[in-house]
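Only one structure is covered here, and it is reproduced in the block below.
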Amino acid sequence: MTNSKEAFLQVFKKTKLSRKDGFILELAKGKRVLDVGCVGQDLSYSEQDWLHNKLQKTALSVDGVDINREGIAALNDKGYNILHIDELKEKQLRYDLVVIGDVIEHVDNLCEFLNFYKEFLTENGRIVITTPNPFSFRQNLSVFLYKIPSVNQEHTCWLDPITFVEIANRCELKIERFAWLGEYTKAQNFQQKVIYGISRLFYGWRKYYSPNFGFLVSR
């Protein structure tokens, strides 16, 4: 693929919707994987739908990395192999796939963050990144119904696919694949079912209204 924004305008229009876990797990098959920020993922380690658990069933090997020392210790006591970022630096391990699932929107410096993790790739290693789409139709509904968008208080930035292409260029990362991603969770109540249903109609019509998106990049 190309890192040209003009070319990607056509890619965005044609790309079909995928499931986040399916998109990532397909890439992780038989690979040595590093799961970034896994301690803070939405689901508990006890749930089979926790992405880290799914990666363990698919990948050749899986390490996690985080900065939450208490959370790391708790997971390691359960038999997981989670490294503190300082340990990762010391061990200088290499991975076929680095998974950055809904983490990039939490960091202070995007290029510093991506440049750090690309140093832990094998020669042909790749990074898969997923993040919410600020232009999703659900955000429009949130503003219409509640006067404000739905924002995680720990987010530091919003990225859409076009701005991510610029980030990739600045970090000298080659874009290999792009995917629009649907909702990660099922609606929990009638109001959410209505909102998700209406949103689905619109991102079925215009993919740029999709709730999330993902990129696969390499050095």
- How many of the residues in the stretch 152-171 are surrounded by 13 or more Cβ atoms within 10 Å (Cβ to Cβ), out of contact with any Cys (no Cβ under 7 Å at 6 or more places or on another chain) and either free of Cβ contacts under 8 Å to residues at least 40 places away in the same chain or not in a helix (DSSP H, G or I) (or both)? 6
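Tally up the residues in the stretch 6-59 that are hydroxyl-bearing (Ser, Thr, Tyr) and free of Cβ contacts under 8 Å to residues at least 12 places away in the same chain, please.
We begin by selecting, within the stretch 6-59, every residue hydroxyl-bearing (Ser, Thr, Tyr); these are 15, 18, 44-46, 58.
From what's left, free of Cβ contacts under 8 Å to residues at least 12 places away in the same chain: 44, 46.
Residues flagged as hydroxyl-bearing (Ser, Thr, Tyr) and free of Cβ contacts under 8 Å to residues at least 12 places away in the same chain within the stretch 6-59 amount to 2.
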- Task: Look at Lys91 and say whether it is of a type in the set (Lys, Arg) and closer than 26 Å to Ala168 by Cα.
- Result: no
- Query: Limited to the stretch 182-201, what total is found for residues that are farther than 9 Å from Phe137 by Cα, modelled with pLDDT of 85 or more and of a type in the set (Val, Ile, Thr)?
  - Reply: 2
- Item | Matching residues in the stretch 130-145 - criterion: being crowded, with 21+ Cβ neighbours inside 10 Å and not in a strand (DSSP E or B) | Asn133, Ser136, Phe137, Arg138
- Message: Where the second residue is at pLDDT 95 or above and crowded, with 20+ Cβ neighbours inside 10 Å and the first is part of a loop (DSSP other than H, G, I, E, B) and lies in the stretch 114-129, which pairs have Cβ atoms under 6 Å and are six or more apart or on separate chains?
- Response: Phe120/Tyr95
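Output the residues belonging to the stretch 172-186 that are under 16 Å from Ser210 (Cα atoms) and assigned to a loop (DSSP other than H, G, I, E, B). Write out each step before concluding.
Filtering the stretch 172-186 for residues under 16 Å from Ser210 (Cα atoms) gives 178-186.
Within the stretch 172-186, Gly182, Glu183, Tyr184, Thr185, Lys186 meet the criteria.
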- Query: If you check Gln191 against the conditions, is it free of Cβ contacts under 8 Å to residues at least 24 places away in the same chain and farther than 24 Å from Gly37 by Cβ?
  - Reply: yes
- Message: Of all residues being of a type in the set (A, V, I, L, M, F, W, C) and part of a strand (DSSP E or B) in the stretch 201-216, which is farthest from Trp158 (Cα to Cα)? Just the residue, please.
- Response: Leu216
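The values are calculated or read from the model by the stated rules, or taken from the named source; none is laboratory data. A quick note: this is a predicted structure, and the numbers were derived from the prediction, not measured. Backbone-built Cβ (ideal geometry, glycine too); neighbour counts: all protein chains shown.
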